[in-house]
Structure formats: structure tokens, C-alpha cells
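Reviewing the structure listed below.
The values are calculated or read from the model by the stated rules, or taken from the named source; none is laboratory data. Please read all numbers here as calculations on a predicted model, not as lab measurements. Counting neighbours? That spans all protein chains shown, and the Cβs are built from the backbone with ideal geometry, glycine included.
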Amino acid sequence: MRTPGKWWCELGEGQAFQLGFTAPARDPRATVVAVAELWRREGLLVQMDRTQHATRPEVIVRGRLIEMSVHGFPERGTVWIAGNTACLDGEVPPAWRDV
Amino acid sequence: MWLLASRLEEAAQEITRLQGGSVTVGLPITATPELAHYEAHLRNMVEWCHSSAAEIRKRAAVAAQADLIGWDPAGDNTAREALMTAAAGGFDEQLAAFDALGEDGDVAAYFAALTPGQALAVALARASQVGARAGVPFELRYAANRQLVRQAHAEAIRVGDKAAADRYTRLLNPDRQLLLFDPRGLGKIAEVKGDLATAKNVSIFVPGTENSLLNYLRGSEGTLSTLHGAATGISADTATILWMGSPLPQSVGAAMFDLRADRSAPELRDFFDGLRLSPEVRTTLIGHSYGSTVTGHAVKAGLHPDNLIAVASPGWGVTSTSELHAPETKLFAMRHQGDYIKLVPPAEDAIGFFIPVPDTIAGHGEDPVFMPGVERLSSGSESHPFYEIDADAHSDYFGGSDAGRIAGLNLARVIVGDDYETYEEAKAAL
């Protein structure tokens, strides 16, 4: 399930966008670890690493213009990946908002 | 219809005038005695004109409500048609029964006995009495408050207030669910995200100083979206409510006093109780800044959620958790390392030095972050030095900042009953 939308910018300064996915995963814990590893390789800064958490493995990362997190739900067999852009100045083309 | 009512009133006045200039209908004293049998007929006619004019005006008022909705050739016209039927007298019996209920009537039982069409018509025709009323099904309250927004929008256009008209246009977006709307003064609003009727987790958020209906769409609405987005990402069975049902202080100076919190407390408690949530629903009350003071006073006044969270709080208005009188409520606090709120002393310490201030109205008690019995949540800023002061940190808990995502997700974990991260755990992980 894909949920795009606007992300809040304080007092309307700039524009930010968010996107969330809930997707089935055969092994949510392994998926979280793999996604975290990919993000590390991409050079994103890991803000919170709970990949080894017993029931809710998750990782939060950020880059210069983006924040993202991946959350595993082993009991449901799903992962939730969500992210948002920083508040951006000027017009942001619609096609760029959920890349 | 307005014109017809006016003509009837004019006719009644004309008859009265012809009777001799008196407001009392009767034959002029110069009339011959054989005309006396007309007197009662004339009196009846004048009474009929007055009562008919009043009835027509009532129906015209309902028809005017239908006009506010407008007719959409390609869309859903249910609300407009319900009001048009009401204006034509189709729901007179139901409206009369609603009016007879009074303030203490069992409104839940009343609406349960109506058909969906009747219920919608009554909710719309009596929007100002239904919008905020406890016991009315949520969907009908949403419909009633939408009608109140339409009224405010029409008034804003009438007086040429474009900014207000734009605000209300956004509040008329079809995905809005309002449990409260009042544009008077600083305004009141309570907005819901998610399905409140079926949610297993419900949180209520109260914002802080300087928030009002005027800036709602540029501030607190974003907080509501962030909190709800984070919570539903973890558990879809979640509804999130933003409550501004009582005026908040509009300056830091005013926020030093607890008068607003004291006045808001019973309003918030009654709003919460009025939701009539099942005991199985996990409830979380969150206050940011002065909003946390409001929530603390509301808990003292008898509102007992499962969780109470103070974010960037100047205090709950207590010096120990026992003063909240809510032993079953789990208590949490969150604060960024650099949040300047940590420097805010109780008002009696700050100004009481110069002017004696009763401690019953000034200051907000101890800092919840350091209060025994309160779990401090990670806010994502634990790596920052404790002596740091960041001017933006006070509002950086709900997105729009480096740490906003972590803070919002940690609040969401409490809301849905997931394993949250404490401040100590976050410090240990550094």
C-alpha cells in the first residue's frame, strides 16, 4: 500500500513531501537489515539502529534532503518504509515528489 | 420565502392599522355595533399572518442552509436534498422531537431511532446544536460541523475577509472530519484523522501557546498529520485527534499563568468523555508546550487516559505525579536536549520575586522530565550536548527537523502500544 502526501513545514515555509509503503516481506527482519545496509552504502546517516530489536526491527536514516525509516513487522509479515523530504524552497515538480 | 413572510407581516400590520392604529386588533370605536361579529375573524387573521410568517421564516432558514451547500450535477447531493426536504416540512416531526430533547436528552437514543436520511437532515438543520454534542454519532457530528464551516465561509465572503474564506475553503475539503468548529474569537476546532468509530488506538493532541484557528492550517494541522501518519504506519487501527476546544495563551507572558489551562481542563475532559470510547480502546493524551499544562489540568479534573505524554512541557501543574490522581495512567515526557523550555522556571519563581503571585494561578509545577514515576522518551536529540540551546528545538518534535522523525515515531509507539525507546536507552546506544 502506497501513501504519498505532503509533509509539514513549519509556518508554511517551503514545501516537503512524504511517501510511505507497506509491503509483504517473507522475512521482515532480514528485509530491515538489507534496507539499512543499502542506505548505509548510499551514504545516509543512521540516526537510530534497532535492527536487532526482538519484536520491532527498525532503522531511521537521514541525508541532506531526506529522512527515511524502515520498520519490520515479523508478526504480520510486512515492512513499512516511509520517508519525507526536507522543506524545499521553490516549486517542486509533481513527478519529483514521490521519487 | 423571506418575501412572503414579510408580506404576511405587512398585511397583519395593515389590518391592525385599519382597526384604529392600535396594536390590539379590534374594531374602531366608531364602528357600528352590527359589525362587531367581524372582530374575532380579524384577530384570527392577524394571528395567522404572524404565525405563518414565523413558520415560513424558519423554513426559509433551513432552505438557506441548503443553498450554502449548492447542487453538484456530478456529485453527492445527499446533504442538500436532506435540507431541502426539511425546509419543505418533510422532517417536521423529527426536528420537533430533537428540539424537545433539551440539553440533557438522550441524543444517542434519539438518533439511533431515525433513518439515515432523517438523522442527516436533523444534524444539518440543527448544526450548531449537533456539531459538538456528545452522544451524536461521529459521522453526523462531522456533517454538522461541515455545515458550520459552510456558514463561516459564507459570512467571510459577505464581509470580504478573503483570508478567512480561504481557510474555510480548505476546511471544507471532503476528507476533513471535525468534531468541533467555532469561528468566534480565537476559534475552536477538533479534527480527526482515521476511523474513530473502529479505532483500537486513539490519541488526542493539544498544541501549545500562540495556536488558534487562525494559524491552524499553517501549524497544528501538520502536527496532526505527522502523528497520525507515524501511528498508522505502525498500526492501521488508529485514530488521531487534534483538540483546540478552548483558547490557548497567545503570548509567552500569558503562558506563565495557569488560568487558561484551568478553564480548558473541564472542556477537554468533557470532550474526551463525550467520545464514549470502548474501555478496550487504548487512549493517549499528548500535550505540547502549554498544551501539556492543559492536559495535566484535565487529568487532575478527572480525565484518565491510558497514557499521558508531556512534550516540551513547562509542567503539568503538579509537583508530583500523585497530584494528578490518575494512578492507572502511564506517564511519559519528551524533551530535546536543546529545548529552551528547560530554562523556564515556574512563574512564581520568576515574577514572584518582585510581585507576590499566588501559586494557585502562576507556574506549572515541576518539570515532568525529572519527575519520579514518569518515563522519559527518546526525542532523537540525545547526542546533542546537555548545555545546548537551540531556538528551533521547542517546535521540532513533529517533522520539519532532523529529529522530528525519531520523536514522532517514538510518540507513535506509545500510541499503538509498541515498544518505545526511552531516553536512557538512546543515551546508552550513542
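Restricting attention to segment A:35-52, and to residues there that are surrounded by 15 or more Cβ atoms within 10 Å (Cβ to Cβ) and more than 30 Å from A:E91 (Cβ to Cβ), which single residue is nearest to the other protein chains (Cβ to nearest Cβ)? The selected residue is A:M48.
How many residues are buried (at least 21 other Cβ atoms within 10 Å of the Cβ) and either among the acidic types (D, E) or not in a helix (DSSP H, G or I) (or both) if we restrict to segment B:284-303?
Initial filter on segment B:284-303 (buried (at least 21 other Cβ atoms within 10 Å of the Cβ)): B:284-299, B:303.
Of the ones still in play, those that are also either among the acidic types (D, E) or not in a helix (DSSP H, G or I) (or both) are B:284-289, B:303.
Going through segment B:284-303 one residue at a time, the tally reaches 7.
Within segment B:205-234, track down each residue that is hydrophobic (A, V, I, L, M, F, W, C) and either part of a helix (DSSP H, G or I) or more than 14 Å from every other protein chain (Cβ to nearest Cβ) (or both). Those that are hydrophobic (A, V, I, L, M, F, W, C) and either part of a helix (DSSP H, G or I) or more than 14 Å from every other protein chain (Cβ to nearest Cβ) (or both): B:V206, B:L213, B:L214, B:L217, B:L224, B:L227, B:A230, B:A231, B:I234. In segment B:314-321, is there at least one residue being at pLDDT below 75 and either in the same structural domain as B:E424 (by TED's automatic domain parsing) or part of a loop (DSSP other than H, G, I, E, B) (or both)? Scanning segment B:314-321, I find no residue that is at pLDDT below 75 and either in the same structural domain as B:E424 (by TED's automatic domain parsing) or part of a loop (DSSP other than H, G, I, E, B) (or both), so the answer is no.
Assessment of segment B:270-288 against the conditions (among the hydroxyl-bearing types (S, T, Y) and under 17 Å from B:D258 (Cα atoms)) yields no matching residue.
What about A:G14, is it more than 7 Å from chain B (Cβ to nearest Cβ) and touching a helix residue (DSSP H, G or I) at 6+ places or on another chain (Cβ under 7 Å)? Spelling it out, it is not the case that A:G14 is more than 7 Å from chain B (Cβ to nearest Cβ) and touching a helix residue (DSSP H, G or I) at 6+ places or on another chain (Cβ under 7 Å).
Only one entry in B:G338, B:G315 is at negative phi and surrounded by 19 or more Cβ atoms within 10 Å (Cβ to Cβ), namely B:G338. Against the list (1) out of contact with any helix residue (DSSP H, G or I) (no Cβ under 7 Å at 6 or more places or on another chain); (2) buried (at least 21 other Cβ atoms within 10 Å of the Cβ); (3) closer than 28 Å to A:W96 by Cβ, the condition A:H71 fails is (1). Within segment A:82-99, being farther than 15 Å from B:N410 by Cα, within 11 Å of chain B (Cβ to nearest Cβ) and part of a strand (DSSP E or B) holds for A:G83, A:N84, A:T85.
Is it the case that B:G208 is touching a His at 6+ places or on another chain (Cβ under 6 Å) and either closer than 27 Å to B:G315 by Cβ or surrounded by 17 or more Cβ atoms within 10 Å (Cβ to Cβ) (or both)? In short, yes. Regarding segment B:190-202, can at least one residue be identified that is basic (K, R) and not assigned by TED's automatic domain parsing to the domain that holds B:T226? The answer is no, given that none of the residues of segment B:190-202 is basic (K, R) and not assigned by TED's automatic domain parsing to the domain that holds B:T226.
Quick check on this structure: which one of B:Q147, B:Q177 is of a type outside the set (G, A, S), touching a residue at least 40 places away in the same chain (Cβ under 8 Å) and buried (at least 18 other Cβ atoms within 10 Å of the Cβ)?
Details: B:Q177 fails: touching a residue at least 40 places away in the same chain (Cβ under 8 Å).
Result of the check over B:Q147, B:Q177: B:Q147.
For segment B:324-430, list the helices (runs of 4 or more DSSP H) that sit wholly inside it and hold at least 3 residues that are modelled with pLDDT of 95 or more; which are they?
Values: elements: B:347-350, B:404-416, B:423-428.
In segment B:324-430, the matching helices (runs of 4 or more DSSP H) lie at B:404-416.
Among the numbered criteria (1) assigned by TED's automatic domain parsing to the domain that holds B:T283; (2) in a helix (DSSP H, G or I), which single criterion is violated by B:V149? Every condition holds for B:V149 apart from (1). For segment B:191-204, the criterion of being in contact with a strand residue (DSSP E or B) (Cβ under 9 Å, 6 or more places away or on another chain), closer than 21 Å to B:G315 by Cβ, within 14 Å of chain A (Cβ to nearest Cβ) and in contact (Cβ under 8 Å) with a residue 40 or more places away in the chain is satisfied by no residue at all.
In segment A:55-81, how many are without any contact (Cβ under 8 Å) to a residue 60 or more places away in the chain and in a strand (DSSP E or B)? Total satisfying the criteria: 15.
Here the condition is being within 17 Å of B:G380 (Cβ to Cβ) and not aromatic (F, W, Y); of A:E67, A:E75, it holds for A:E67 alone.
Within segment B:380-430, count every residue that is over 25 Å from A:F73 (Cα atoms) and hydroxyl-bearing (S, T, Y). Within segment B:380-430, residues that are over 25 Å from A:F73 (Cα atoms) and hydroxyl-bearing (S, T, Y) number 5.
Does segment B:249-274 hold any residues that are outside any helix (DSSP H, G or I) and buried (at least 18 other Cβ atoms within 10 Å of the Cβ), and which are they? The answer is B:P249, B:F257, B:D258. As a summary of the residue check, B:A60 satisfies the conditions (1) part of a loop (DSSP other than H, G, I, E, B); (2) over 21 Å from the mean Cα position of the chain (by Cα); (3) in contact (Cβ under 8 Å) with a residue 40 or more places away in the chain except for the one numbered (1).
Across segment B:129-183, what is the number of residues that are among the β-branched types (V, I, T) and over 24 Å from B:H228 (Cβ atoms)? Please lay out each step first, then the result.
Our first condition is that a residue be among the β-branched types (V, I, T); within segment B:129-183, this holds for B:130, B:136, B:149, B:157, B:159, B:169.
Subset that is over 24 Å from B:H228 (Cβ atoms): B:130, B:157, B:159.
Residues meeting the conditions: 3.
Total residues in segment B:157-167 satisfying the condition of being assigned to a helix (DSSP H, G or I) and over 13 Å from B:L68 (Cα atoms): the figure is 6.
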